[in-house]
Amino acid sequence: MSLNVLIEFVINTLSLGSLYALISLGLVFVYGIMQLVNFAYGEFISAASYVLFLLGVFSNIPWPLVFLIAILAGVAVGYLSEAIAFRPFRGRSLDALLVSSFAVSVILQHVFQLAISPRSKAVPMPAFFRANVSALGIVIPVRNVVMIVTTAILLVAFVLLMKKTVLGVAMRGASENFVTARLMGVPANLVISAAFIISGFLAGIVAVFWSARSGTVDPMMGSAPLLVGFIAVVIGGMHSLPGSVVGGFVYAAVANILSLTLPSTMLSYRDAFMFVIVICFLVLKPEGLIRGSYAEERVG
């Protein structure tokens, strides 16, 4: 492998891993506190992507403001889904919450189909997102550079949030032992709403970069990033925020290695190989690469 090919592989892995890390973080923020796998998380991403499509096609709003509105749409969907669909069932069984997450996912998919279109729509992007830069003889899409820088900034911001703020300390305490945290005065609604708001915020960020890569949005678009997130958190660790980030980068590295090494006739089976790897993790290391400290109680 030549040096240029190696550098290109590293950059592609970092950019793809950055995207996957943000997806898995959005899942783990909710799971860490509620022990709930939010199957509607993919639709949070879809909702923000549809806002990008609608504003990009039907308005002349500057692109920075379009991105901001799309991210805020993800935040709004995350918060409203928690307040309307999850909060009334928190005192019931985990099955009720899982059914609620499925219901939110299906309802949003049908809303997208009926209110916009059942067909995929092209999502316009600013010209600089489609531009390339050259360095050391390697052509790099600008969006990949922006993705890596954005993820690095967000990871630093989340570290500071979780370690240096009252809300972060409360969320860390709730993720380790929610019952004890509540007995010590941590407000349950605030912590859980904050987790869904952060999850929606990350969904909005992911929507920008996912739409830039795919170029389209459709009612079922959220299933692909949701699947990626599940695999990444299984690899990295469902109970660890750092683990989810590591899992995203590991997933990207393995996926890129398979793309380079598999024969062309077997590239369509790449996802099947990834599931074999996930099964191996579940059997040999079910806690993931990084074990998080957690208690098994669920939010009541």
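Among the residues examined, Gly215 does not qualify as on the phi > 0 side of the Ramachandran plot, at pLDDT below 90, surrounded by fewer than 22 Cβ atoms within 10 Å (Cβ to Cβ) and small (Gly, Ala, Ser).
Considering only residues in the stretch 1-41 that are among the hydroxyl-bearing types (Ser, Thr, Tyr) and under 16 Å from the mean Cα position of the chain (by Cα), the one that is surrounded by the most Cβ atoms within 10 Å (Cβ to Cβ) turns out to be Ser24.
Residue-wise test of (1) farther than 24 Å from Arg172 by Cα; (2) not in a helix (DSSP H, G or I).
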| site | (1), (2) |
| --- | --- |
| Ile197 | no, no |
| Ala212 | yes, no |
| Met274 | yes, no |
| Gly288 | no, yes |
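The single condition among (1) surrounded by 13 or more Cβ atoms within 10 Å (Cβ to Cβ); (2) more than 17 Å from Ser211 (Cα to Cα); (3) of a type in the set (Ser, Thr, Tyr) that Ser134 does not meet is (1). Selection within the stretch 272-294: residues that are exposed (fewer than 14 other Cβ atoms within 10 Å of the Cβ) and more than 17 Å from Phe230 (Cβ to Cβ). The member of this set that is modelled with the highest pLDDT is Leu284. Would you say Asn132 is farther than 15 Å from Leu36 by Cβ, among the polar types (S, T, N, Q), in contact with a strand residue (DSSP E or B) (Cβ under 7 Å, 6 or more places away or on another chain) and free of Cβ contacts under 8 Å to residues at least 24 places away in the same chain? When the stated conditions are applied, Asn132 passes them. Among the candidates Leu25, Leu14, Leu36, the residue that is of a type outside the set (Phe, Trp, Tyr), in contact with a Lys or Arg (Cβ under 9 Å, 6 or more places away or on another chain) and at pLDDT below 95 is uniquely Leu36.
I need the full set of residues from the stretch 30-65 which are among the aromatic types (Phe, Trp, Tyr) and under 18 Å from Leu19 (Cα atoms), in order please. The answer is Tyr41, Phe44.
Among the residues making up the stretch 121-168, those that are under 18 Å from Val66 (Cβ atoms) and under 18 Å from the mean Cα position of the chain (by Cα) are Arg143, Val146, Met147, Thr150.
Leu183 fulfils the conditions (1) at pLDDT 85 or above; (2) surrounded by fewer than 22 Cβ atoms within 10 Å (Cβ to Cβ) except for a single criterion, (1). For the stretch 222-249, taking the residues that are part of a loop (DSSP other than H, G, I, E, B) and buried (at least 24 other Cβ atoms within 10 Å of the Cβ), the one that is farthest from the chain's Cα centre (by Cα) is identified as Gly237. Has the stretch 169-191 got at least one residue that is free of Cβ contacts under 8 Å to residues at least 40 places away in the same chain, in a helix (DSSP H, G or I) and in contact with a Phe, Trp or Tyr (Cβ under 9 Å, 6 or more places away or on another chain)? Taking every residue of the stretch 169-191 in turn, none turns out to be free of Cβ contacts under 8 Å to residues at least 40 places away in the same chain, in a helix (DSSP H, G or I) and in contact with a Phe, Trp or Tyr (Cβ under 9 Å, 6 or more places away or on another chain).
Yes/no per residue for (1) surrounded by 13 or more Cβ atoms within 10 Å (Cβ to Cβ); (2) assigned to a helix (DSSP H, G or I):
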{"position": "Asn60", "(1), (2)": "no, no"}
{"position": "Pro64", "(1), (2)": "no, yes"}
{"position": "Phe67", "(1), (2)": "yes, yes"}
{"position": "Ala70", "(1), (2)": "yes, yes"}
{"position": "Leu80", "(1), (2)": "yes, yes"}
{"position": "Arg87", "(1), (2)": "yes, yes"}
{"position": "Asp95", "(1), (2)": "no, yes"}
{"position": "Ala103", "(1), (2)": "yes, yes"}
{"position": "Met125", "(1), (2)": "yes, no"}
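The values are calculated or read from the model by the stated rules, or taken from the named source; none is laboratory data. On a predicted model such as this, the values are computed, not experimentally measured, just so you know. Positions of Cβ are backbone-derived with ideal geometry, glycine not excepted, and every protein chain shown enters the neighbour counts.
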